[in-house]
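Worksheet: the structure to be examined is printed underneath.
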Amino acid sequence: MSIKKGRLKSFQTAFLLQSKERKQESFQQEKNKVESYLIIRKKYEKEYNSWI
């Protein structure tokens, strides 16, 4: 019984670590999207201001 409990515990730990990594990855992806959007926006603002 204790072996099964130990396995379950390690499985839960591994699962939690995996989901935590996944959340960090998705956060990093969102951060990259926002940063690239801001860079593009800055670029177009400069062009737009040069037209005015």
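Residues of the range 1-17 that are in a helix (DSSP H, G or I) and surrounded by fewer than 10 Cβ atoms within 10 Å (Cβ to Cβ): Ser2, Ile3, Lys4, Lys5.
Contact map, the range 41-52: first residue aromatic (Phe, Trp, Tyr), second residue part of a helix (DSSP H, G or I) and modelled with pLDDT of 90 or more, Cβ cut-off under 9 Å, separation 6 or more or different chains; the map is empty.
Quick check on my filter: what residues within the range 18-52 are part of a helix (DSSP H, G or I) and of a type in the set (Val, Ile, Thr)? Talk me through it step by step, then tell me what you get.
Residues of the range 18-52 that are part of a helix (DSSP H, G or I), as a first pass: 18-51.
Across the range 18-52, the qualifying residues are Val34, Ile39, Ile40.
The values are calculated or read from the model by the stated rules, or taken from the named source; none is laboratory data. Worth saying up front: this structure is predicted, and the values here are computed from it rather than measured. For neighbour counting, all protein chains shown are included, and Cβ atoms are generated from backbone atoms with ideal geometry for every residue, glycine included.
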